[in-house]
Amino acid sequence: MATRTRVELGRREDLGADCANCFGLCCVALAFAKSADFPFDKDAGDPCTNLDEADACRIHPHLRERGFSGCTVFDCSGAGQKVSRHTFGGRSWRDDPETRRSMFATFPIVRRLHDLLRHLDEAIALVRSTSDEAPWVAAFEHVRLLSDGTPEDLATLDVDAEYDRVRPLLLDASAIARAQGPIGARAQQVGAGSDLVGADLRGADLRGATLRGSLAIAADLRGARLDRCDLLGVDLRDADLRGTDLSGAVYLTQMQVNAARGDSGTVLPEGFQRPGHWRTTTDAAGGLTPPRRGPSGRGARSRRR
């Protein structure tokens, strides 16, 4: 059996974005709509006006102040470099119309497969000390091989069916992990699919909770206890995570972190990157206050996945 792709400390090798080895696919292949996250409409397949000839963003240090907060939230899970360097062997979408068409169709598929690989990679780690990890490793290898497929293979792949096949394993791994410690006092009051929009959860003990698929937009989670808390698919747009320890959260993603607000006191899991817009300033009284926020939330591009 081939060696699994690992998530390395400091750089999520193969499952994290490596823009230097990508042909700017997220800036071309994907559509976005004029909104709080983007200042204008862009159709799929049209290069963003900020993309230069070297496939770099002309305004990258100023994206949020220029109204492109959706770009600062997006994470391709390594699909950009995978499609650019592996699937198409270094051929760019600029080379010819057929490569352009096929590459733009392939990129979203590989991204979804890589998202699934990241969850399976975490699931393996969650069960390793208490269960036989073989079913999760086998599922990882199956999805990895699919992601290595040709553009023709990927075009016919039913990605939704692959997610349906893996979902029970992800839920089982979560249950195993959540059973490995005490259940928090607030964990019994919430559940999968909860409406937590704007909820005051400051300091809440959510250890072992299942928030899977919940809406936690603008929720106040400062100092919440989230060890073994299942955050699979939780909408954390503009959630306040200042001072919160996320190191033990289950199925947290970089995009969730990017969409939320945090500070230097927010503890992230190994391999995660602290968003550049997580800056704090000192108010007149000497306390920390959040920075002036740009447009919030996951961009229209991410919602179209």
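The values are calculated or read from the model by the stated rules, or taken from the named source; none is laboratory data. Owing to the predicted nature of the structure, the values given are computational and were not obtained by experimental measurement. Quick reminder, even Gly has a Cβ in these numbers, built from the backbone with ideal geometry, and neighbours come from all protein chains shown. Side chains are part of the model used for accessible areas, which takes the heavy atoms of the whole protein and leaves out ligands, DNA and RNA. Shrake-Rupley method; radii C 1.70, N 1.55, O 1.52, S 1.80 Å.
Using θ = phi - 60° in the Karplus curve 6.51 cos²θ - 1.76 cosθ + 1.60, the 3J(HN,Hα) couplings for segment 96-107 round to 7, x, 5, 4, 4, 4, 5, 5, 5, 6, 7, 3 Hz; x is entered for Gly and Pro.
Entry comment: accessible area of the chain is 46 Å² per residue, from protein heavy atoms only and a probe of 1.4 Å.
Once you sort the root eigenvalues of the Cα gyration tensor of segment 30-128 as a ≥ b ≥ c, which label holds: rounded (a/c under 1.5), prolate (a/b larger than b/c) or oblate (the other case)? It is oblate, given that a/c is not under 1.5 and a/b is not larger than b/c.
Here the Karplus curve 6.51 cos²θ - 1.76 cosθ + 1.60, taken at θ = phi - 60°, turns the phi angles of segment 192-204 into couplings of 4, x, 5, 8, 10, 4, x, 5, 8, 10, 4, x, 5 Hz, with x standing for Gly and Pro. Which one, TRP278, CYS48, SER147, projects farthest toward the positive side of the charge dipole computed for the chain from Cβ point charges (K/R +1, D/E -1)? Towards the positive end, the residue furthest out is TRP278. Taking amide H as placed 1.01 Å from N in the peptide plane, SER214 has its amide H under 5 Å from the amide H of GLY193, SER194, VAL234, ASP235, each at least 5 places away in sequence or on another chain.
Which shape class applies to segment 116-219: rounded if a/c is under 1.5, otherwise prolate when a/b exceeds b/c and oblate if not, where a ≥ b ≥ c are the square roots of the Cα gyration tensor eigenvalues? Oblate, since a/c reaches 1.5 and b/c is not below a/b. Length gained on full extension, VAL197 to SER129, computed as 0.36 nm times the residue gap minus the Cα-Cα distance: 21.0 nm. A Förster radius of 30 Å, combined with the Cβ-Cβ distance separating ARG85 from ILE176, puts the computed FRET efficiency at roughly 0.25.
Computed with a 1.4 Å probe over protein heavy atoms only, the accessible area of SER247 comes to about 60 Å². Ranked by the mean number of other Cβ atoms within 10 Å of their residues, highest first, the peptides 26-34, 193-201 come out as 26-34, 193-201. Around the amide H of VAL250, modelled in the peptide plane, lie the amide H atoms of ARG228, CYS229, ASP230, LEU231, all under 5 Å away and 5 or more residues distant in sequence or on another chain. From the P(r) of the chain, can you give the percent of Cα pairs sitting at distances over 29 Å? Cα-Cα pairs in the chain separated by more than 29 Å: 37 percent.
Label segment 33-82 by shape, choosing from rounded, prolate and oblate, from the square roots a ≥ b ≥ c of the eigenvalues of the Cα gyration tensor; if a/c is under 1.5 it is rounded, and otherwise prolate applies when a/b is larger than b/c, oblate when it is not. Judged from the Cα gyration tensor, segment 33-82 comes out rounded (a/c under 1.5).
If R0 is taken as 22 Å, the Cβ-Cβ distance between ASP95 and ALA54 corresponds to a FRET efficiency of 0.90. Given a 1.4 angstrom probe, I'd like the percentage of the accessible area of segment 92-137 that is carbon and sulfur, rounded to a whole number. Its accessible area is 54 percent carbon and sulfur atoms. For segment 92-166, the equivalent ellipsoid derived from the Cα gyration tensor has semi-axes of 30, 11, 9 Å, listed largest first.
The amide H of ARG225, built 1.01 Å from its N in the peptide plane, has ALA204, ASP205, LEU206 as neighbours under 5 Å, considering only residues 5 or more places off or on other chains. Each residue of segment 65-79 is assigned a 3J(HN,Hα), and the resulting list reads 5, 8, x, 10, 5, x, 5, 6, 8, 5, 9, 8, 6, x, 5 Hz, derived from the Karplus form 6.51 cos²θ - 1.76 cosθ + 1.60 (θ = phi - 60°), x at Gly and Pro.
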